Amino acid sequence: MKALLIHVGADQSKKYKMTLGVNAPLFNDDTFEFIPILEFYYDDTYFLRKGGHNIIMQNGEEQEGELPTLETRTYSTMETRNKSFGRCLSDYLPQEYDDVVVHFDPDFEHFTYGDSVNTQKGTQISKLKEGDYIFFVESLAPYVKEVYAGRNKDLIKYYQQHNMAKFVIGYFKVQGVYYAIKAYDDPNPLLFIPPSGSESVDGEIDDNILNRIKNNAHTKREEDEYYLVVGYQSDSVLLTRAIKLTENGSPFKPSEIGRNVFGDVCYPRGVKWVYDPSRIQTLLNHCHSCM
């Protein structure tokens, strides 16, 4: 048994436009919102659904057209879990993201997570096996009503910069890992054993798993080539309360829990592997107390 900690969701990364440039909110009782990244094509194209129209945004220019994804949800249509401070996810984001289509991955409704084969994250998740664990880590910053009131990107970023930290927000116990190829006009991806994809598993997967795979953000695209993790439904969860892994602010030194899980090293983003079963169990115990 091994475990992979992997950074997901909105954050202030300057390298990737799809991460929105701000973090998700953490409330006083350690509850939180999971805010996914935006749906994208490479790093310069994303999509909006505005007034019944599909809009393609490329290099800052709008063009109406068919979207290369079946995803229809936007940040202004996805409801929050904590209704005390916001009705929809866009309430915690700059106004420019209201009508932007989301890339809902990890999918905590169907317990799948995918990443493209040519990315670091994709390469890492391809190494998971049945019975392993994948823990999802998100950048969160304390919610302050006055900061979010105007939904101004610069103000939100300035406040969050030294107050954000890394938190475990959920996990899957791995049921299966697949190399998937989604071809144009075919609703079902071709599935293979990773990492090489030389051996097909088509016809060997039950309908429950196939239906869950169909709902993943990568499968909803017209075309994609990706690794896909499926979690056991009985042992996978989006937590109710987040578990703090690092101290606030860069370089994100480990908290006490973080040191007990991955050692005395910083965790700015990306991935970390844990091979010690006792350390994995320590994190699982924390998770079980936050469900």
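All of the numbers you see were taken from the coordinates with simple rules; none came from a lab. What you are looking at is a predicted structure, and each value in this text was computed from that prediction instead of being measured. Backbone-built Cβ (ideal geometry, glycine too); neighbour counts: all protein chains shown.
List of remarks:
- Semi-axis lengths (Å, descending) of the ellipsoid that matches the C-alpha gyration tensor of segment 1-78: 27, 16, 13
- Every pair of different Cα atoms in segment 186-291 enters the Kirkwood calculation, which places the hydrodynamic radius at 16.9 Å.
- Length released on extending from LYS153 to GLU79, taking residue separation times 0.36 nm less the Cα-Cα span: 24.6 nm
- Antiparallel %, DSSP beta bridges [both residues in the chain], to 5: 85
- Positive dipole terminus of the chain, leading residue within ILE181, TYR92, ILE193 (C-beta point charges): TYR92
- Only helices enter this figure: runs of n ≥ 4 DSSP H residues, each worth -39500 (n - 2.57), summed and divided by the residues of the chain, yield -4000 deg cm²/dmol at 222 nm to the nearest 500.
- Ranked packing of 164-172, 125-133, 88-96, most packed first, by mean Cβ within 10 Å: 164-172, 88-96, 125-133
- Euclidean distance between Cα centres, segment 29-72 to segment 266-290, Å: 32
- Expressed in units of 2.2 N^0.38 Å, where N is the residue count, the Cα radius of gyration of segment 82-166 is 1.37.
- Note on GLU247 and THR72: with the Förster distance fixed at 41 Å, the Cβ-Cβ geometry gives a FRET efficiency of about 0.55.
- Estimated at 0.36 nm per residue, the fully extended path between GLU222 and ASP44 surpasses their Cα-Cα distance by 62.3 nm.
- The alpha carbon radius of gyration of segment 198-239, expressed as a multiple of 2.2 N^0.38 Å, is 1.31.
- Förster radius 30 Å - calculated FRET efficiency between ASN285 and GLN58 (Cβ-Cβ, nearest 0.05): 0.05
- Restricting the calculation to Cα atoms, the chain shows an Rg/Rh of 0.95 when the hydrodynamic-style radius is the Kirkwood one.
- Cleavage-rule hits, GluC sites (Glu not before Pro), segment 189-268, DSSP coil, Cβ neighbours within 10 Å at most 13: GLU199, GLU204, GLU223
- Straight Cα distances below 18 angstrom link LYS272 to the lysines LYS2, LYS121, LYS127, LYS129, LYS166, LYS173, LYS244, LYS253, with same-chain residues fewer than 8 positions distant left out.
- The length gained by stretching the chain between SER198 and TYR275 to full extension, at 0.36 nm per residue less their Cα-Cα distance, is 25.0 nm.
- Two-decimal ratio, segment 115-217, of alpha-carbon radius of gyration to 2.2 N^0.38 Å: 1.48
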